[in-house]
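Novice: Below is the structure I would like to discuss, written out as structure tokens.
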Amino acid sequence: MSGFGVLFRRELALSWGKGGGPLLAVSFYAAMATLLPLATGPAPDRLAIVAPGSAWLALALASLLSLERLFERDYEDGALDLLTLGSTPLEAVAFVKCLAQWITTGAPLALAAPIASIALGASPSLSWLIAFTALVGGLGFSFCGGIGAALSIGSRRGGVLIAVIVLPLFAPPVIFGAGAIEAYGAGLDWKTGLLLLSAYSLAAVGLGPFAMAAACRNALS
Amino acid sequence: MISALTVTNLALARGDRPLFEGFDLIVSAGEVVALTGANGAGKTSLLRAIAGFIRPDAGEIAFTGADGVLEAEETRGRDLHLLGHLDGLKSGRTAWEELLFQVHWTGGTDASAEAACTALDLGRLRPLEVRKLSAGQRRRVALARLVASPRTLWLLDEPLTPLDAAWRARFGEIMAAHIASGGMIIAAVHDPLPIPARAVEVGA
């Protein structure tokens, strides 16, 4: 079995169920769908307007929550030393970790997003686009957020630091993604937003692992 | 495969505090080196510098193979074990899952992991979660990785501390077998190792 494969299986096992997985997605959207009508007022037409965008809000915040443990847990128990001393480069380690993070946390959130949006009154015709943009955007969140997680290794209040580093990076995908959904609903050109979102996520996947590996090396020295 | 490690004129610092300078060490295949020195002298830092984690302020660390000098980065990823104070075991997973991951990650196989389990008598511990193991048991799981994945240079930081007398002796036999097959061991210790070793003082 290759190092790549065993690491991928381990990362899936570590993040599925513990701080990730379908349970996180469901509870997050349940909380949002309950609190949003209380916060904005229960008028159905008003809720229907904010519903698609709030799916993005939940996705971004849930990504932040689970990112804190991504590198920190391996740093705390010494496993990051071991991961560095494998025959697989540290860049690939970071890539695998973020990919597993996306599959166990981002994907369930993306798949649950349309259900929450419809429950809040969004048009069901939007649901495929909500799920698709959330899936693509979640990939960007995982890889961009991973940079913040790697940079904050060893700091006691890692979550705060990650939020500060990562929130500006999270702004573009939210604008492109939520913008595409809004444009689609209004019958305008929505493909541009989707393409920009995809470009953002692909850039994060391509460049993020190098930044994460450098940050990990720095933390271990 | 590493046949010699050469440390030349090494200077290390942690932050602004210099640990030592002008440190020389040559270790060749079949040798055991016991690093001694006071707390904070830089034993752990030296091991981590050899493993490539800490960049030296001055000096060189070179690995030599049968055909000359080896590429350091690649050699570290393939032929070196570092066992520090932390075992790198995830508390929520079973001992066997963690051992299997560590063994595969460092180049071993299912069969070698099974063999290491027998060598370190881990049979009954395998299905237990790591959080339920004692410090000595955890250390045995971590040591099993060294046995299961064939790597030449072992860098050990206080490897014996949590082990009882019987397991210290048993680990002495394991180290002797590794040395007999052309391996090298550099161990930071306060207590003497259970096998003959060349003592090198750090920060003297």
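Novice: Of the residues A:Leu24, A:Leu38, which is at pLDDT 80 or above and of a type in the set (A, V, I, L, M)?
Specialist: Details: A:Leu24 fails: at pLDDT 80 or above.
Result of the check over A:Leu24, A:Leu38: A:Leu38.
Novice: Then there's this: Kindly indicate whether B:Ala34 is crowded, with 16+ Cβ neighbours inside 10 Å, part of a strand (DSSP E or B), aliphatic (A, V, I, L, M) and within 14 Å of chain A (Cβ to nearest Cβ).
Specialist: no
Novice: If I ask for residues that are surrounded by 13 or more Cβ atoms within 10 Å (Cβ to Cβ) and more than 21 Å from B:Arg138 (Cα to Cα), which ones from the range B:157-177 would you list?
Specialist: Listed by number, the list holds a single entry, B:Ala176.
Novice: Residue under question is A:Leu90, and the condition is that it be in contact with a Leu (Cβ under 8 Å, 6 or more places away or on another chain), within 11 Å of chain B (Cβ to nearest Cβ) and under 18 Å from B:Leu89 (Cβ atoms); does it hold?
Specialist: no
Novice: Out of the residues in the range B:58-90 meeting the condition of being more than 12 Å from chain A (Cβ to nearest Cβ) and part of a loop (DSSP other than H, G, I, E, B), tell me which one is farthest from B:Ala188 (Cα to Cα). Steps first, answer last, please.
Specialist: Just the residues of the range B:58-90 that are more than 12 Å from chain A (Cβ to nearest Cβ), to begin with: B:58-72.
Restricting the remaining residues to those that are part of a loop (DSSP other than H, G, I, E, B) gives B:66-67, B:70-71.
Numbers: B:Ala66: 27, B:Asp67: 29, B:Leu70: 25, B:Glu71: 25 Å.
It comes out as B:Asp67.
Novice: Of these, B:Gly108, B:Gly84, which one is surrounded by 21 or more Cβ atoms within 10 Å (Cβ to Cβ), at pLDDT below 90 and in contact with a Pro (Cβ under 9 Å, 6 or more places away or on another chain)? Explain how you work it out, then say what you get.
Specialist: Numbers: B:Gly84 fails: in contact with a Pro (Cβ under 9 Å, 6 or more places away or on another chain).
Going through B:Gly108, B:Gly84 in turn, just one is surrounded by 21 or more Cβ atoms within 10 Å (Cβ to Cβ), at pLDDT below 90 and in contact with a Pro (Cβ under 9 Å, 6 or more places away or on another chain): B:Gly108.
Novice: Do you know which residues across the range B:111-132 are within 13 Å of chain A (Cβ to nearest Cβ) and either crowded, with 24+ Cβ neighbours inside 10 Å or not basic (Lys, Arg) (or both)?
Specialist: Within the range B:111-132, B:Ala111, B:Ser112, B:Ala113, B:Glu129, B:Val130 qualify.
Novice: Listed residues A:Ala113, A:Ala92; which is more than 22 Å from A:Ala13 (Cβ to Cβ), touching a residue at least 40 places away in the same chain (Cβ under 8 Å), assigned to a helix (DSSP H, G or I) and touching a helix residue (DSSP H, G or I) at 6+ places or on another chain (Cβ under 9 Å)?
Specialist: On the way: A:Ala92 fails: more than 22 Å from A:Ala13 (Cβ to Cβ).
One residue alone meets the criteria, A:Ala113.
Novice: Do the conditions hold for B:Phe23, that is, is it surrounded by 18 or more Cβ atoms within 10 Å (Cβ to Cβ) and farther than 30 Å from B:Gly123 by Cβ?
Specialist: Working: surrounded by 18 or more Cβ atoms within 10 Å (Cβ to Cβ): yes; farther than 30 Å from B:Gly123 by Cβ: yes.
Here the answer is yes, as B:Phe23 does meet what is asked.
Novice: State all residues of the range A:63-108 that are surrounded by fewer than 24 Cβ atoms within 10 Å (Cβ to Cβ), closer than 20 Å to A:Gly140 by Cβ and of a type in the set (Val, Ile, Thr); if no residue qualifies, say none.
Specialist: A:Val96, A:Ile103
One line per residue, one yes/no per condition, for (1) out of contact with any Ser or Thr (no Cβ under 8 Å at 6 or more places or on another chain); (2) on the phi < 0 side of the Ramachandran plot; (3) not acidic (Asp, Glu):
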{"site": "B:Pro150", "(1), (2), (3)": "no, yes, yes"}
{"site": "B:Leu153", "(1), (2), (3)": "yes, yes, yes"}
{"site": "B:Asp157", "(1), (2), (3)": "no, yes, no"}
{"site": "B:Arg168", "(1), (2), (3)": "yes, yes, yes"}
{"site": "B:Glu173", "(1), (2), (3)": "yes, yes, no"}
{"site": "B:His178", "(1), (2), (3)": "yes, yes, yes"}
{"site": "B:Ile195", "(1), (2), (3)": "yes, yes, yes"}
{"site": "B:Arg198", "(1), (2), (3)": "yes, yes, yes"}
{"site": "B:Glu201", "(1), (2), (3)": "no, yes, no"}
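Novice: Go over the candidates A:Leu23, A:Leu67, A:Leu14 one by one and state the one that is among the hydrophobic types (A, V, I, L, M, F, W, C), within 14 Å of chain B (Cβ to nearest Cβ) and within 23 Å of A:Ala163 (Cβ to Cβ). Let's see the steps before the verdict.
Specialist: Details: A:Leu23 fails: within 14 Å of chain B (Cβ to nearest Cβ); A:Leu67 fails: within 14 Å of chain B (Cβ to nearest Cβ).
Of A:Leu23, A:Leu67, A:Leu14, the one residue that is among the hydrophobic types (A, V, I, L, M, F, W, C), within 14 Å of chain B (Cβ to nearest Cβ) and within 23 Å of A:Ala163 (Cβ to Cβ) is A:Leu14.
Novice: Let me ask you something else. Any chance the range A:7-16 includes a residue that's over 23 Å from the mean Cα position of the chain (by Cα) and modelled with pLDDT of 80 or more?
Specialist: no
Novice: Suppose we filter the range B:40-67 for residues that are within 20 Å of B:Gly183 (Cβ to Cβ) and loosely packed, with under 15 Cβ neighbours inside 10 Å; how many remain?
Specialist: Matching residues across the range B:40-67 total 3.
Novice: Same structure, new question: Looking at (1) among the small types (Gly, Ala, Ser); (2) on the phi > 0 side of the Ramachandran plot; (3) within 14 Å of another protein chain (Cβ to nearest Cβ), can you tell me which one A:Gly41 breaks?
Specialist: (3)
Novice: Being in a helix (DSSP H, G or I), in contact with a Cys (Cβ under 6 Å, 6 or more places away or on another chain) and either without any contact (Cβ under 8 Å) to a residue 24 or more places away in the chain or on the phi < 0 side of the Ramachandran plot (or both) is true for just one of A:Leu169, A:Leu194, A:Leu126, A:Leu161. Which residue is that?
Specialist: A:Leu169
Residue-wise test of (1) without any contact (Cβ under 8 Å) to a residue 40 or more places away in the chain; (2) part of a helix (DSSP H, G or I); (3) in contact with an Asp or Glu (Cβ under 6 Å, 6 or more places away or on another chain).
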site: B:Trp96; (1), (2), (3): yes, yes, no
site: B:Val103; (1), (2), (3): no, yes, no
site: B:Gly108; (1), (2), (3): no, no, no
site: B:Val141; (1), (2), (3): no, yes, no
site: B:Pro150; (1), (2), (3): no, no, no
site: B:Leu156; (1), (2), (3): no, no, no
site: B:Pro159; (1), (2), (3): no, no, no
site: B:Gly172; (1), (2), (3): yes, yes, no
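Novice: Please go through the range B:178-203 and give me each residue that is under 21 Å from B:Arg140 (Cα atoms), touching a Lys or Arg at 6+ places or on another chain (Cβ under 6 Å) and part of a loop (DSSP other than H, G, I, E, B), ordered by number.
Specialist: Result: B:Pro194, single match.
The values are calculated or read from the model by the stated rules, or taken from the named source; none is laboratory data. Small disclaimer: the values here were computed from a predicted structure and weren't measured. Heads up, the Cβs are rebuilt from the backbone with ideal geometry, glycines too, and the neighbour counts pull from every protein chain shown.
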